[in-house]
Every structure is written in structure tokens, then in C-alpha cells.
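Structure record follows, encoded as C-alpha cells.
The values are calculated or read from the model by the stated rules, or taken from the named source; none is laboratory data. Just so it is clear, the structure is predicted and the values come from calculations on it, not from any experiment. Cβ sites come from the backbone with ideal geometry, for glycine too, and all protein chains shown count toward neighbours. Side chains included, ligands, DNA and RNA excluded: accessible areas come from the protein's heavy atoms. Shrake-Rupley method; radii C 1.70, N 1.55, O 1.52, S 1.80 Å.
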Amino acid sequence: FIPQLLPTPKELQAIKKYKGESDRLNTAELFFQQLLPVKRVEDKVAVVKAMCTFNEHAEEARAAFKTLEEVCGQVMNSAKLEQILLMVLNIGNLMNEGSLDGGVEAFKFESLPKLSQTKSADGKTTVLDYIVETFIEKGARETLFLDSDFPDIQESCRLSINDLCGDVNTLRKNYQLCKTELSSMKKDQAP
């Protein structure tokens with residue numbers, strides 16, 4: 001049932017004012033006439049729509065959050081990523097030795113893009129180049145290949161936290177709409 005099929009307020013007024021025989025009305029007008037005694041018909045239609053789509057939308061959101069949870073677990077359990085980030089931290093401390101920024105125990109992820117921008121004294125080699133070369137020289141080239149540690153990363157890249165939050169809010173709003181209409185219907189039936 002599509003909300004666009006509901007009569008407009010102007011159409012409802014015209015049907016309410018009509019005093020003639022029902023057999024003179026066309027199919028749409030008869031339909032509108034049948035809707036006249038229904039209280040909050042727009043809300044009821046919205047509830048039906050919400051109920052028809054709720055499980056599907058909830059399952060889609062559940063699957064997306066499950067994917068994000070799996071990827072977060074993969075990130076947290078990746079020994080290779082830990083080695084790379086430890087190298088980044090050590091190089092950052094080495095570069096900042098003797099300054100107030102030396103000897104830190106953490107760094108902000110926002111600083112990672114600087115690895116490809118910060119150049120060495122020769123003006124050619126970036127910090128990222130140096131990190132890669134260091135792993136290769138140590139015979140740990142495989143550490144740089146993270147794709148096997150993150151099998152679900154491609155799927156998770158297509159997900160947006162903002163979209164997922166919006167989906168959850170829509171589900172919450174639809175649930176509240178159903179709850180409110182149920183309460184209103186109970187009041188309508190009360191003696």
C-alpha cells in the first residue's frame with residue numbers, strides 16, 4: 001500500500017461533502033469514501049510500511065555492523081600491522097630525539113599521511129620509503145603485505161558509519177511510530 005494513494009485533504013473534503021448515491025462515484029472515490037471513518041489513516045499506512053520493511057532493514061544493518069566488528073577484530077589482532085605501527089612510532093621517536101616530542105608512546109592516526117610527505121635530508125626518500133626499505137633489509141618483506149590479515153576490508157570500505165547510524169535512527173523512529181500508533185489504537189478502543 002503506497003502512501004501516495006491516500007486522498008489529499010482537498011479530496012477528503014470533497015468526499016465528505018458528497019451526499020449523492022455511492023454508485024455514481026468512481027473506484028478511487030469509493031476507496032476514499034471507505035477511508036473516511038479510519039482515524040489516523042496516514043499513520044496506519046506508515047506503520048504498515050514500517051512493519052513490512054523493518055526486518056529486512058534491521059538485518060541489513062545487523063550484517064553491516066557484523067562486518068565492521070569483524071574488521072575491527074582483524075585490525076586488533078594483526079601482528080603485521082602492530083609491527084608496522086611500532087616501526088612508525090620508533091622512527092617518529094628517533095626523528096624527534098632531543099625534542100619535547102621524543103620518547104612518546106603513541107601517535108595520532110591523523111599523522112600517518114605525513115609519512116609519505118616528510119622527506120629525508122636527500123629530499124627524495126620519504127619516511128614511508130624508509131620504513132619499507134627497513135622491512136625489506138630485515139628480510140621481513142611479508143610484513144608489508146597486510147591483505148591476508150584483513151579479508152573483510154574491501155566489504156567494510158563500502159560502509160559508512162554515518163549511513164549506518166542513520167539506518168539505526170530510521171529503525172528506531174519506525175519502531176516508535178508503531179508503538180505510538182498501537183497506543184493510540186488502544187485508546188480508541190477503550191470504553
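Sort out which residues of segment 39-67 are farther than 30 Å from Pro9 by Cβ and either over 24 Å from the mean Cα position of the chain (by Cα) or open to solvent by less than 30 Å² (accessible area, probe 1.4 Å) (or both), and write them in order of number. Answer for segment 39-67, where residues must be farther than 30 Å from Pro9 by Cβ and either over 24 Å from the mean Cα position of the chain (by Cα) or open to solvent by less than 30 Å² (accessible area, probe 1.4 Å) (or both): Ala58, Ala61, Ala64, Thr67.
Out of Lys80, Lys44, which single residue is closer than 30 Å to Met185 by Cα, modelled with pLDDT of 90 or more, in a helix (DSSP H, G or I) and charged (D, E, K, R)? Can you show your working first?
Working: Lys80 fails: closer than 30 Å to Met185 by Cα.
Step by step, each of Lys80, Lys44 is checked, and only Lys44 is closer than 30 Å to Met185 by Cα, modelled with pLDDT of 90 or more, in a helix (DSSP H, G or I) and charged (D, E, K, R).
Every condition in (1) over 14 Å from Asn174 (Cβ atoms); (2) in contact (Cβ under 8 Å) with a residue 60 or more places away in the chain; (3) touching a Leu at 6+ places or on another chain (Cβ under 9 Å) is met by Glu70 except one, and the failing one is (3). Screening Ala106 with (1) part of a loop (DSSP other than H, G, I, E, B); (2) touching a residue at least 60 places away in the same chain (Cβ under 8 Å) gives one miss only, at (2).
Go through segment 169-179 residue by residue and tally those that are touching a residue at least 24 places away in the same chain (Cβ under 8 Å) and surrounded by fewer than 15 Cβ atoms within 10 Å (Cβ to Cβ). Looking only at that region, the number is 1.
Hey, any hits in segment 178-185 for a residue that's closer than 27 Å to Asn55 by Cβ and touching a helix residue (DSSP H, G or I) at 6+ places or on another chain (Cβ under 7 Å)?
So the first thing to find is which residues in segment 178-185 are closer than 27 Å to Asn55 by Cβ, and the list is 178-185.
So of that shortlist, the ones also touching a helix residue (DSSP H, G or I) at 6+ places or on another chain (Cβ under 7 Å) come out as 178, 181.
Yes, segment 178-185 contains a residue that is closer than 27 Å to Asn55 by Cβ and touching a helix residue (DSSP H, G or I) at 6+ places or on another chain (Cβ under 7 Å).
Within the option set Leu94, Leu128, Leu182, being assigned to a helix (DSSP H, G or I) and surrounded by 12 or more Cβ atoms within 10 Å (Cβ to Cβ) holds for one residue only, Leu128. Of the residues that make up segment 68-79, is at least one open to solvent by 90 Å² or more (accessible area, probe 1.4 Å), over 30 Å from Leu177 (Cβ atoms) and either of a type outside the set (Gly, Ala, Ser) or under 24 Å from the mean Cα position of the chain (by Cα) (or both)? Scanning segment 68-79 turns up at least one residue that is open to solvent by 90 Å² or more (accessible area, probe 1.4 Å), over 30 Å from Leu177 (Cβ atoms) and either of a type outside the set (Gly, Ala, Ser) or under 24 Å from the mean Cα position of the chain (by Cα) (or both).
Quick check: anything in segment 103-110 of a type in the set (Gly, Ala, Ser), surrounded by 12 or more Cβ atoms within 10 Å (Cβ to Cβ) and within 13 Å of Asn90 (Cα to Cα)? Step through it out loud before you land on a result.
Applying the first criterion (of a type in the set (Gly, Ala, Ser)) to segment 103-110 yields 103, 106.
Next cut, surrounded by 12 or more Cβ atoms within 10 Å (Cβ to Cβ) only: none.
So far as segment 103-110 goes, no, none of its residues is of a type in the set (Gly, Ala, Ser), surrounded by 12 or more Cβ atoms within 10 Å (Cβ to Cβ) and within 13 Å of Asn90 (Cα to Cα).
Can you pull out the residues in segment 111-125 that are open to solvent by 70 Å² or more (accessible area, probe 1.4 Å) and assigned to a loop (DSSP other than H, G, I, E, B)? Answer for segment 111-125, where residues must be open to solvent by 70 Å² or more (accessible area, probe 1.4 Å) and assigned to a loop (DSSP other than H, G, I, E, B): Gln117, Ala121, Asp122, Lys124.
Of all residues in segment 137-161, those that are of a type in the set (Gly, Ala, Ser), in a helix (DSSP H, G or I) and open to solvent by less than 50 Å² (accessible area, probe 1.4 Å) total 1.
Checking the condition of a type in the set (Gly, Ala, Ser) and in contact with a Ser or Thr (Cβ under 9 Å, 6 or more places away or on another chain), which residue from Ala58, Ala106, Ala64, Ala121 passes?
Values: Ala58 fails: in contact with a Ser or Thr (Cβ under 9 Å, 6 or more places away or on another chain); Ala106 fails: in contact with a Ser or Thr (Cβ under 9 Å, 6 or more places away or on another chain); Ala121 fails: in contact with a Ser or Thr (Cβ under 9 Å, 6 or more places away or on another chain).
Only one candidate passes the filter, namely Ala64.
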